[in-house]
Each structure stands twice: as structure tokens, then as C-alpha cells.
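Notes follow the structure.
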Amino acid sequence: MDPHRHTWADHHPQRCAAVGEMSIAAVIQRRSDGVWMNMGVDRFMAMTPQRYHPGIGLRPGGESPELEPLIVKLYAAMYESIAAHSRMGVNVVVDVGHHDHYSRRLGILPSCARRLTGLPVLFVGALPARCDHGTPPRHRLAHAQRR
């Protein structure tokens, strides 16, 4: 395995949106040698048909239980894509949030981590300083009002 090739998973358990948040993915792409593909949540959200939004951006609280079976598949597909890029020798950085606070536990993070077994991976976790999961972030409210 190439010691200079890596897959970074910028993992944010229960992440809340923060105004002005600097993406670790963007910093790695800008400051690191070689090609780093950003395959994070924003990229996958852009590919997700609007009728399935918020997709993997679904926040804690069980707000859309009808989407939860799809969310499991979307996370699996995203991590299989990440693994495929890494196996091809492409550096990957992933800025994605994980939680298990849906209408029921889905076990998404352990499933995703298993898909990266044997690959050069560094999971970096960050908890928000403060996050009230009882109140949806403003951008989530705006999205719900546009539906």
C-alpha cells in the first residue's frame, strides 16, 4: 500500500451547521501534495434528486422516517465510492456528518467504516460546542418551508 496515499474521513458526530465553518476537506485539498478528491456530504447532496432531500444531510431527531431506508443505502453507496477511489490510488478527503439519532438506530457509521477496511483511513471526529437537536437549524427550517 502506498504510504503517501490516504483517505481522510472528516467525521462530525451529530454535527450542527455553523456559519463560516471552514471545511477540513478544502484545507487538505489546498495545502496537500497530490490530487485529493473531495467526496463529502455536499457533493453527494448535489447529486441527490430534490424529492429525496435532505438525503444524507438528514439531521438528528427522526424528522423524515420515510427517508431512513434510503439514507442507509446512500451512505453505503457513498462509502463504496470512497473505497473504490482509494483502491485506484486516488487520495480522498470526506467531510461528512454522522449520527444515529433517527427514528430508530440504523448503525450507519460502523457499516461505513467496515467498507473502508484495509484502506489507509484516518477518521477525525469533532463534536459541536453546543447543538440543540430539539430545534432544527435555520437552514433546515428554510428547506422545509420551500417544499
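The values are calculated or read from the model by the stated rules, or taken from the named source; none is laboratory data. Quick caveat, the model's predicted, so the values are computed rather than measured. Here the Cβ positions follow ideal geometry from the backbone for every residue, glycine too, while neighbour counts run over all protein chains shown.
Below is a table of values for the structure above.
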item: Subset tally (residues that are charged (D, E, K, R) and closer than 21 Å to residue 91 by Cα) for the stretch 33-59; result: 3
item: Subset of the stretch 81-90 (residues that are in a loop (DSSP other than H, G, I, E, B) and buried (at least 20 other Cβ atoms within 10 Å of the Cβ)); result: none
item: Tabulated pairs, the stretch 48-72, first within 15 Å of residue 97 (Cα to Cα), second outside any helix (DSSP H, G or I) and among the β-branched types (Val, Ile, Thr), C-beta under 8 angstrom, 6+ apart or interchain; result: 55/48; 56/48; 56/96
item: Output for the stretch 53-67, where each listed residue is surrounded by fewer than 16 Cβ atoms within 10 Å (Cβ to Cβ) and in a helix (DSSP H, G or I); result: 65, 66
item: Filter result (at pLDDT 85 or above, over 20 Å from residue 83 (Cβ atoms) and under 15 Å from the mean Cα position of the chain (by Cα)) within the stretch 5-44; result: 26
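Yes/no matrix, rows are residues, columns are (1) closer than 26 Å to residue 28 by Cα; (2) touching a Leu at 6+ places or on another chain (Cβ under 7 Å); (3) assigned to a loop (DSSP other than H, G, I, E, B); (4) among the acidic types (Asp, Glu):
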{"residue": "79", "(1), (2), (3), (4)": "yes, yes, no, no"}
{"residue": "92", "(1), (2), (3), (4)": "yes, no, no, no"}
{"residue": "95", "(1), (2), (3), (4)": "yes, no, no, yes"}
{"residue": "104", "(1), (2), (3), (4)": "no, no, yes, no"}
{"residue": "114", "(1), (2), (3), (4)": "yes, no, no, no"}
